[in-house]
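What follows is a single structure, written as structure tokens, with notes after it.
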């Protein structure tokens, strides 16, 4: 019953105001690409929605569209004109109030009108000039990923997005998990998860210079030893001329029988390795990684992977 | 000295002054980077209690490893904060101190038998947040 309701809810259609969507998007300086990525549709679809007067779209997509435009859903829904809708509060302008008005173009006033018109044109030209020559806002994005991890053991992935300076910026981080890899947890929680396609999306707004997105992932237990998992992702800015920034840094992880914190794969977690773990991974507040196990391995004399138990055995 | 001549002299000296200023900036920034973020000293290093003072400057390294070498076979009664590992055979005690903030930290070890002066040594390891490099500092009484 609940499932049916959820199914019906996901199929519910609503009418949106295409013109309103366009004006909101343009007013906020959003690109069609940004909105399309946030909603999970193509730019053609966004264009079609905007160009039709009242297109009917899925309620789920309308909700995502409203979130991308930073407004309530009601603000983009089609407004049905009501025959009773009058505006009693609007002041009534009496015709007689114009009777004493001066003619619009009285002798001598044309110069003032010319000056005002010139001012408007100059302002427009200045606005166009600065907009056309505005430097694109760019960010850098890098991924921190362990070099290896055993099959079926969780490992952390950290994405650091840095802007050249602290400024209010809305961005969309999209990360695609490799096939045979699934999500365990994420910090901050994701805005959209497409579990079938393995796509994780964070919509982030704020003014901090550096933003960190982290998650724990695990490989499926049917993956083979030596297999390479490849990660890819990009960052889309709300405004700016650069469309997408590809996430640089580490992008592959090999399935090996060594703990991810043991970076040199020598069967030990030494001082430098544990300091690296605590200086990089543990600074992501709330990321639930296997810190107790790492502490135990560091405290012990070594470890080995036990295939039959699918767990690490620590040598005291 | 006329005003014109004074200006000429100053103009001639300007490159030299600018070079000295630049040199001073380079030296000062180098000194700031070379300054250790962590310093330590033994407040007590003999007898049945060992007390160590660790001072951390900003920006603090988030994690510190403190290693205390005791004579092999030394039994430890109490430790504050609690060590993560103690190998009695080698006499090596290790602490993993997380969430470090700038300031002073006092560490103490109560021993079950008194130690002679000069019998201990230690190390502090951390990653310098300014450079990312590993730092190892030796401690001795």
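The values are calculated or read from the model by the stated rules, or taken from the named source; none is laboratory data. Everything numeric in this text was worked out from a predicted model, so none of it was measured. Positions of Cβ are backbone-derived with ideal geometry, glycine not excepted, and every protein chain shown enters the neighbour counts.
Annotations for the structure displayed:
- Selected residue (criterion: nearest to the other protein chains (Cβ to nearest Cβ)) from residues of segment B:36-81 that are closer than 23 Å to residue A:299 by Cα, exposed (fewer than 14 other Cβ atoms within 10 Å of the Cβ) and in contact with a strand residue (DSSP E or B) (Cβ under 8 Å, 6 or more places away or on another chain): B:81
- Per-region count, segment B:58-90, residues in a strand (DSSP E or B) and within 18 Å of residue B:41 (Cα to Cα): 8
- Scanning segment B:104-137 for residues that are over 22 Å from residue B:78 (Cβ atoms) and away from every other protein chain (no Cβ under 14 Å) yields a single hit, B:118.
- Take the conditions (1) surrounded by 15 or more Cβ atoms within 10 Å (Cβ to Cβ); (2) without any contact (Cβ under 8 Å) to a residue 60 or more places away in the chain; (3) within 14 Å of another protein chain (Cβ to nearest Cβ); residue A:263 misses just one of them, which is (2).
- Residues of segment A:196-236 satisfying the condition of being buried (at least 20 other Cβ atoms within 10 Å of the Cβ), without any contact (Cβ under 8 Å) to a residue 40 or more places away in the chain and part of a loop (DSSP other than H, G, I, E, B): none
- Residue in segment B:91-103 that is part of a strand (DSSP E or B), over 29 Å from residue A:315 (Cβ atoms) and either touching a residue at least 24 places away in the same chain (Cβ under 8 Å) or away from chain A (no Cβ under 14 Å) (or both) present: yes
- Members of segment A:165-183 found to be within 23 Å of residue A:223 (Cβ to Cβ) and either assigned to a strand (DSSP E or B) or touching a helix residue (DSSP H, G or I) at 6+ places or on another chain (Cβ under 9 Å) (or both), listed by number: A:175, A:176, A:181, A:182, A:183
- Applying the condition of being within 13 Å of another protein chain (Cβ to nearest Cβ) and in a loop (DSSP other than H, G, I, E, B) to segment A:269-291 and asking which residue is nearest to residue B:134 (Cα to Cα) yields A:270.
- None of A:247, A:193 is farther than 30 Å from residue B:67 by Cα and modelled with pLDDT of 95 or more except A:247.
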